[in-house]
1. Provide a single number: the residues in the stretch 219-251 that are acidic (Asp, Glu) and free of Cβ contacts under 8 Å to residues at least 12 places away in the same chain.
2. From Ser263, Ser228, which residue is over 23 Å from Cys118 (Cβ atoms) and part of a loop (DSSP other than H, G, I, E, B)?
3. Looking at the stretch 76-98, which of its residues are under 25 Å from Lys144 (Cβ atoms), out of contact with any Pro (no Cβ under 8 Å at 6 or more places or on another chain), surrounded by 12 or more Cβ atoms within 10 Å (Cβ to Cβ) and of a type in the set (A, V, I, L, M)?
4. Considering every residue within the stretch 82-104, establish whether at least one is hydroxyl-bearing (Ser, Thr, Tyr), touching a Phe, Trp or Tyr at 6+ places or on another chain (Cβ under 9 Å) and within 24 Å of Glu156 (Cβ to Cβ).
5. In this structure, does Arg166 turn out to be among the basic types (Lys, Arg), out of contact with any strand residue (DSSP E or B) (no Cβ under 6 Å at 6 or more places or on another chain) and crowded, with 19+ Cβ neighbours inside 10 Å?
6. Residues in the stretch 245-255: is at least one loosely packed, with under 14 Cβ neighbours inside 10 Å, of a type in the set (Val, Ile, Thr), within 57 Å of the chain's Cα centre (by Cα) and not in a loop (DSSP other than H, G, I, E, B)?
7. Identify the residue in the stretch 171-222 that is under 14 Å from the mean Cα position of the chain (by Cα) and of a type in the set (Ser, Thr, Tyr) and, among all such residues, is surrounded by the most Cβ atoms within 10 Å (Cβ to Cβ).
8. In the stretch 1-34, which residue that is without any contact (Cβ under 8 Å) to a residue 60 or more places away in the chain and aliphatic (A, V, I, L, M) is surrounded by the most Cβ atoms within 10 Å (Cβ to Cβ)?
Amino acid sequence: MSFSSEVKHELCAVSTNRPCCSAAELYGAFLFAQVWNDRQLRVVTTHPDVPRRLRDLLVKRFGFTFDGTQGSDAPLTIRDNRKLDAIFQAFGLSRAPGLSIHLNHAALECDGCHEALCRGVFLSGGSMTDPEKKYHIELVTPHKHLTRELLPVLHEHGFEPKPVARGGLYALVFQSSEAIEDFLTFMGAPLSSLSLMQIKQLKEVRNQVNRHVNCDTGNMERTLAAASRQVQEFERLRASPVWDTLAPPLQAAALARIEHPDSSLTELSEILEIGRSALNHRLRKLEDQIRSDEEED
């Protein structure tokens, strides 16, 4: 089950004790339905819980259900004039031909109605990307004015989604993980919000580990590159007349590096039985000698 489906599954289990909130949730689902005009209302969903939820709400509020006997994947449709008249009247809308459907704020009677409205909007027109990939929620409708009319409701509760137009559809988009967490909780999906927080924490831990690994890998690569350069330089130095003029401790340091090209400075210092600072001092003197010889050449 996708994360978006899990959210809808949780939302469909929310109890709606107040009749006004049940009506508001149904209203949100209808507003962001694929079709709602004076001739028909049609909600298209592939989630198995959403049809049952909307049928229950419809029966609870109006005493009737969607037209016909429909399968789980069939659109939820109402074309019956009597039913459409009742729905338009209940939400204070005009059923005159050609008029657009609008969000009637007077139909939202209490603060809980705002939460229920958004829950219905998400059930009908919402989707959420897997947070393992990115943080993204969309509330999609074919009607631009509905995104404008829903914005004040969201702003009232501190949400600032971005309006987006795409392919003849209009959406309100949430892209902040914190905003998405709060919006999920606001709609009635606190478990999904908690799951998102946990996923985000795991991603942050993984990213931190990757940064440390990359840093360690980079340090190792630089160390190996420096060691390889020293081996080449010390080999040339050993083959030159200057080698016999070097003090025995410097020769020992150069030979240790040549014989142990992959060893760290700590390991080399243990092989020579000297401190790391002493080894660093000897290696620097060897490199100074090599630069001095190169300048003379």
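The values are calculated or read from the model by the stated rules, or taken from the named source; none is laboratory data. Model, not experiment: these values are computed from the prediction. Positions of Cβ are generated from backbone atoms using ideal geometry, with glycine treated the same way; all protein chains shown enter the neighbour counts.
1. As a first pass, look at the stretch 219-251 and keep what is acidic (Asp, Glu): 221, 233, 235, 244.
Okay, now just the ones that are also free of Cβ contacts under 8 Å to residues at least 12 places away in the same chain, so 221, 244.
Qualifying residue count, the stretch 219-251: 2.
2. Working: Ser228 fails: part of a loop (DSSP other than H, G, I, E, B).
None of the other options fit; the residue is Ser263.
3. Passing the criteria: Ile78, Leu84, Ile87, Ala90, Leu93.
4. Step one: list which residues in the stretch 82-104 are hydroxyl-bearing (Ser, Thr, Tyr), which gives 94, 100.
Restricting the remaining residues to those that are touching a Phe, Trp or Tyr at 6+ places or on another chain (Cβ under 9 Å) gives 94.
In the following step, the residues that additionally are within 24 Å of Glu156 (Cβ to Cβ) were identified as none.
There is no residue in the stretch 82-104 that is hydroxyl-bearing (Ser, Thr, Tyr), touching a Phe, Trp or Tyr at 6+ places or on another chain (Cβ under 9 Å) and within 24 Å of Glu156 (Cβ to Cβ).
5. Working: among the basic types (Lys, Arg): yes; out of contact with any strand residue (DSSP E or B) (no Cβ under 6 Å at 6 or more places or on another chain): yes; crowded, with 19+ Cβ neighbours inside 10 Å: no.
No; evaluated as a whole, the condition is false for this residue.
6. Let us first name the residues in the stretch 245-255 that are loosely packed, with under 14 Cβ neighbours inside 10 Å, namely 245, 247-248, 255.
Right, trim to of a type in the set (Val, Ile, Thr) and you get 245.
Still in the running and within 57 Å of the chain's Cα centre (by Cα): none.
The answer is no; no qualifying residue exists.
7. Ser192
8. Start the filter on the stretch 1-34 by keeping residues that are without any contact (Cβ under 8 Å) to a residue 60 or more places away in the chain, which leaves 1, 5, 9, 13, 15, 17, 19.
Among the residues that remain, those that are also aliphatic (A, V, I, L, M) are: 1, 13.
Details: Met1: 8, Ala13: 12.
Top of the filtered list is Ala13.
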